[in-house]
Amino acid sequence: MFLTRFQINPARRNARKLLSSPQTMHAAVRAAFAAAEDYATADTRTLWRLDTVGTATVYLYVVSPGRPDLTHLVEQAGWPTTESWVSRDYDGLLGSLRPGERWAFRLTANPAHSGRKTADAKETQRFGRLREHEQVEWLTSRAARHGFALATQQDGRPNVRLHGRQTQTFRRGMGNVTLTMATYDGILQVTDADALRRAMTGGIGHGKAYGCGLLTLAPAQAVA
């Protein structure tokens, strides 16, 4: 597995197009892999996330089975005269995880639940959880199955902060997709290292093709 970071130049027109449409960004990320097995395998898949630092710095993070070639993104939306992108081996970190460890984390996710729009509806639909406490509960309820527990603060509340909360609508084919998104920053404790590794390489929740589901870790004393 590889973890790649690419800095986007938001002043460029093509960059603004990518940043405004998860479908367009998904296609650009998919184009970075010539071989299908570098994009997805039976156990892992490519995940991506956009992180904004301050008001003008935007990074694209990609976790993938194979090493991506982002030349096309440099040409369309990057900084061609500076560092293009950095890919690092991810297996070392994944293999080092042990129960009991505490890590700072970041996750952009699609906190949603399935249900019927009306009592007599035949098919279920996915509805985004819009309130902040519901979004926190969404992650808390899934933590154990993904191999971690959220650390708690002195007041007993989960050590997690939400930002980037939005509902985004974009084109896909002939229709529209509406996606509720939230970014979680916090501290977690590893409870099942194998399950956490699967979450970090397979994603959490829905909307993985559109920038959701990527969980990354950093030393607990650092910012995720």
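The values are calculated or read from the model by the stated rules, or taken from the named source; none is laboratory data. Treat the numbers as computed from the prediction; the structure is a model and nothing was measured. Heads up, the Cβs are rebuilt from the backbone with ideal geometry, glycines too, and the neighbour counts pull from every protein chain shown.
Odds and ends about this structure:
- Across the range 69-90, a minimum of one residue is classified as under 17 Å from A218 (Cβ atoms), of a type in the set (D, E) and touching a residue at least 40 places away in the same chain (Cβ under 8 Å).
- Within the range 187-209, being touching a helix residue (DSSP H, G or I) at 6+ places or on another chain (Cβ under 7 Å) and modelled with pLDDT under 95 holds for one residue alone: A209.
- R165 being in a strand (DSSP E or B), touching a residue at least 24 places away in the same chain (Cβ under 8 Å) and at negative phi: yes
- For the range 1-88, the strands (runs of 3 or more DSSP E) that sit wholly inside it and include 1 or more residues that are acidic (D, E) and not assigned by TED's automatic domain parsing to the domain that holds H163 are 47-53.
- Failed condition for I204, given (1) under 16 Å from L47 (Cα atoms); (2) assigned to a strand (DSSP E or B); (3) touching a His at 6+ places or on another chain (Cβ under 8 Å): (2)
- Verdict on L47 being crowded, with 17+ Cβ neighbours inside 10 Å, of a type in the set (A, V, I, L, M), within 30 Å of Q221 (Cα to Cα) and in contact with a helix residue (DSSP H, G or I) (Cβ under 9 Å, 6 or more places away or on another chain): yes
- Residues in the range 36-53 that are under 19 Å from the mean Cα position of the chain (by Cα) and of a type outside the set (S, T, Y): D38, A40, D43, R45, L47, W48, R49, L50, D51, V53.
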